[in-house]
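Visitor: Structure incoming, see below.
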Protein chains: 2
Amino acid sequence: MKYGFSDKVKYLKSSAVRDILKVINQGNIISFAGGLPEEDLFPVDAVDQAFHKAVTSSKKSLQYGETEGVPALREALTERMAEKGLQSSPEDILITSGSQQAIDLFSRVMFNKGDVILTENPTYLAALQVFESYETNVVAVDSDDEGMVLEDLEEKIARLKPKCIYVVPTYSNPTGKVWSLERRKKLLELAYKYHVVIFEDDPYGELQFDTEDAPPSIASLDKQNLVLYTSTFSKTVVPAMRIGWIVGPHQIIRIMAQAKQATDLHTNTISQHALVHLLHDFDIDAHIQTIRDTYYKRMLVMKDLLSKADIEGLEYIVPKGGMFFWVTLPEHFNTTELLNEAVKEGVAFVPGAPFYVSDAQQNTMRLNFTNSKPDQIEEGMKRLVQVLESTNVYA
Amino acid sequence: MKYGFSDKVKYLKSSAVRDILKVINQGNIISFAGGLPEEDLFPVDAVDQAFHKAVTSSKKSLQYGETEGVPALREALTERMAEKGLQSSPEDILITSGSQQAIDLFSRVMFNKGDVILTENPTYLAALQVFESYETNVVAVDSDDEGMVLEDLEEKIARLKPKCIYVVPTYSNPTGKVWSLERRKKLLELAYKYHVVIFEDDPYGELQFDTEDAPPSIASLDKQNLVLYTSTFSKTVVPAMRIGWIVGPHQIIRIMAQAKQATDLHTNTISQHALVHLLHDFDIDAHIQTIRDTYYKRMLVMKDLLSKADIEGLEYIVPKGGMFFWVTLPEHFNTTELLNEAVKEGVAFVPGAPFYVSDAQQNTMRLNFTNSKPDQIEEGMKRLVQVLESTNVYA
């Protein structure tokens, strides 16, 4: 039987990461592939209590709710963001089914076919998937260790008149990079000069290893209402709740709420109420500190083993937070081909190529260090380095 | 500050129903406007237990999950649907954030600008909103008490070559109508003859007042894999979980899952696991019977008061299930204008006009009987009939 799909379907790609995850969940494979938080850190008792309160304290929390999100949760978020210097009002917040939905709803209300979006290169794969599904024209801006290269950025803004600049400036997925404060300010200046909206995707901002070292969000520096900021509780509480949020110009948030109404009416209200109770009853900041400490130790284990690999030209960025190492191998490596070999040897990673907007570098890979215990990281890295070294020999 | 939105935004309308709901939630207004289930029937203890089990029995249920949905829930749905004659496989089911998302994802992967969708008239408002947001061409088919009028349907299929026929054939929103078995079969024959996909939206199918009287779903009669069927737990358990599902041709479900991956990765996994436990531990069918009995009694109270209204030409359809009365007033009534008057007198309804695809009848209204207690229905109907009668005098 043949069915007539919409033209947009050809832009829908299944995520390479998720396709790999499906395979490697079978068998004795140590996976550095996914972007999963450590399950042993899930605050099960606190989540259990929070859901118990959410379900039993008011029948209203089991009824249909407001599309914009539970007011008490939006108020709590306003307070939490203010502590980090991001001033907002609950009316400027939309609760979403994970921050992925924030990217999708934003795209839905902003982009026409052919609209230009500037991004880093490489950047968050699933954002690229969304942008492409709206038939936009995603263009890469050169980056260095501080963020986007300003000359290239301004040239492309002036020439291409982008509708939006999409950035993951803090412990980025996939590279783990952090934009400098200077570069954040300059990005804003250019956005003001050319009137371009900035979309700041910040799922990892809370996962910094050195609290002295964390620059403020771009949204917190914005004085002209041109930045949308999205984050999530998936990395700091549990992913299964699917609670993210987006804050930004009221006019855009309001239209996104209308789009959300047509999309799924509203986000799961039980989870929203549970989060309100959790934020009230549970010391989430102490919990986040535990997550940071654990991930930091794991990062160091992986770093140590990467530094010992006997492969000339292997480079990696030491992450200051987040969940990933970004590794660049000598040019003759092709990590997509290497993955099959690695899986045979019992270790998995994500090839870097799908994260690129253009000029994909086949010799890159993303390694997650948060979902494996230190001894698994040691064993997995042993296997991986072995595969790399033996491939290197035959190059 | 001005922002450049996408062209699609002009097709986004806020739901008239939800806008009204916002107003009437203030004050001492008896509302027949929403489509809300009765909160006192929410199985709070069972939901509480189910969430407790979901959160505490496995950390995997707190982690990221499969886009298609939790396998155990899809298996349970396969069994439940089979009991009602709808044969399927878990691979042909996609779990969605309410059935609203099923309509949206289906639209996203199927429709190009200008594609024709045939619907009943009036029909489910929020489906119209979704279809219009994809810039489709929604065309109304004439209906009578048995369902769509076949001559008009075939003429429009042959002439307009629709991509899809959207129907709410069982205790429809807004009219409460039920399609006859004969008409269901004829619809399928026409779909086969012209190769058109049918989208069967069935949120109310479980809410029948006379179990002898319930015709099989159109999907259960389908032999050629041309029907998609969506339903929800919002009316039978609680809306706040936001769990719906869609079952249909694997090829379409698979593409919808890819679209869902970009949209929100996956549906809230805690709620999905909670539902698995609930379906296992709790007698949901006995619970649904209680809901039916309660709603049936309330329907009778409203019917009695409608029948006593002293307005010549007032007509209504006696629902055999579902949540709504559809009332047609004499032609000089305009229910949109009447609503303000009614709200002043402390009663609310939804004007019928927004439910129409074309030829909107301004003298219609939808009355919900499930979210008010019998004494509230009596008082609310007294107020409403008074407003109607006094308006009638001055006509």
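Visitor: Helix check for chain A. Which DSSP H runs span at least 27 Å along their own axis by Cα, with a mean Kyte-Doolittle hydropathy no less than -1.0?
Guide: Details: long enough: A:284-308 (36 Å, -0.32); A:374-393 (28 Å, -0.49).
Once both thresholds are applied, what remains is A:284-308, A:374-393.
Visitor: Using only the alpha carbon atoms of chain A, find the Kirkwood hydrodynamic radius as the inverse mean reciprocal pair distance, in angstroms to one decimal. All intermediate terms of the calculation are to be shown ahead of the outcome.
Guide: Numbers: mean 1/r = 0.0456 Å⁻¹.
Roughly 21.9 Å, rounded to one decimal.
Visitor: Okay, next question. Under 8 Å for C-alpha pairs, at least 6 residues apart: give me the relative contact order for chain B, rounded to a whole percent.
Guide: Numbers: 711 pairs, mean separation 95.3, N = 395.
Relative CO of chain B lands at 24 percent.
Visitor: Can you give me the distance in nm between label points at A:Ser180 and A:His195, each placed 7 Å from the Cα along the Cα-to-Cβ direction?
Guide: 3.1
Visitor: What does the structure give for B:109-118 when I average, per residue, the other chain Cβ atoms found within 10 Å of the residue Cβ? Present the calculation step by step, with values, prior to reporting the outcome.
Guide: Values: counts 7, 6, 5, 6, 2, 0, 2, 0, 0, 0.
That average works out to 3.
Visitor: Could you pull the copy-to-copy label distances for B:Lys60, with points set 7 Å along Cα to Cβ, in nm to one decimal and sorted shortest first?
Guide: 3.9
Visitor: Please give the residues of region B:45-88, grouped as numeric ranges, whose backbone N is less than 15 Å from a label point set 7 Å along the Cα-to-Cβ vector of B:Asp293.
Guide: none
Visitor: Going out from 0 in 20 Å bins, what whole percent of all Cα-Cα distances in the protein assembly as shown drops into each bin?
Guide: 16, 48, 30, 6, 0
Visitor: Write down the percent of antiparallel bridges among all DSSP beta bridges whose residues are both part of the protein assembly as shown, to the nearest 5.
Guide: Details: 44 of 78 bridges.
DSSP beta bridges in the protein assembly as shown are roughly 55 percent antiparallel.
Visitor: Using only the alpha-carbon atoms of region B:46-281, report the extent along each of the three principal axes, biggest first, to the nearest angstrom.
Guide: That gives 57, 41, 29 Å along the principal axes, largest extent first.
Visitor: Please list, in order along region A:310-318, the HN-Hα scalar couplings obtained from phi with the Karplus expression 6.51 cos²θ - 1.76 cosθ + 1.60 (θ = phi - 60°), rounded to whole Hz, x for Gly and Pro.
Guide: These are the phi-based 3J(HN,Hα) values: 8, 9, 5, x, 5, 10, 8, 9, 7 Hz.
Visitor: Among A:Lys84/B:Lys260; A:Lys53/B:Lys260; A:Lys8/B:Lys59; A:Lys59/B:Lys297; A:Lys260/B:Lys59, which pairs are too far apart, with a Cα-Cα distance over 28 Å? List each step's numbers first, then the result.
Guide: Numbers: A:Lys84/B:Lys260 32 Å; A:Lys53/B:Lys260 30 Å; A:Lys8/B:Lys59 37 Å; A:Lys59/B:Lys297 22 Å; A:Lys260/B:Lys59 30 Å.
The answer is A:Lys84/B:Lys260; A:Lys53/B:Lys260; A:Lys8/B:Lys59; A:Lys260/B:Lys59.
Visitor: Name the chymotrypsin sites (Phe, Trp or Tyr not before Pro) in region A:349-395 that are in a loop by DSSP and that have at most 10 other C-beta atoms within 10 Å, would you? Write out the running numbers ahead of the final one.
Guide: Working: sites: A:Phe349, A:Phe355, A:Tyr356, A:Phe369, A:Tyr394; in loops: A:Phe349, A:Tyr356, A:Phe369, A:Tyr394.
Within region A:349-395, the qualifying chymotrypsin sites (Phe, Trp or Tyr not before Pro) (loop, at most 10 other Cβ atoms within 10 Å) are A:Tyr394.
Visitor: Find every distance from the label point of B:Ala82 to the corresponding label point in the other copies (7 Å from Cα along Cα→Cβ) and write them in nm, one decimal, shortest first.
Guide: Result for B:Ala82, in nm, nearest copy first: 5.6.
Visitor: Give the percent of DSSP beta bridges with both residues in chain A that are antiparallel, rounded to the nearest 5. Spell out each step's value before the answer.
Guide: Numbers: 22 of 39 bridges.
Antiparallel bridges: around 55 percent, rounded to the nearest 5.
Readers should treat all values here as calculations from the given coordinates under stated rules, not as data from a laboratory. A quick note: this is a predicted structure, and the numbers were derived from the prediction, not measured. We place every Cβ from the backbone using ideal geometry, glycine too, and count neighbours over all the protein chains shown.
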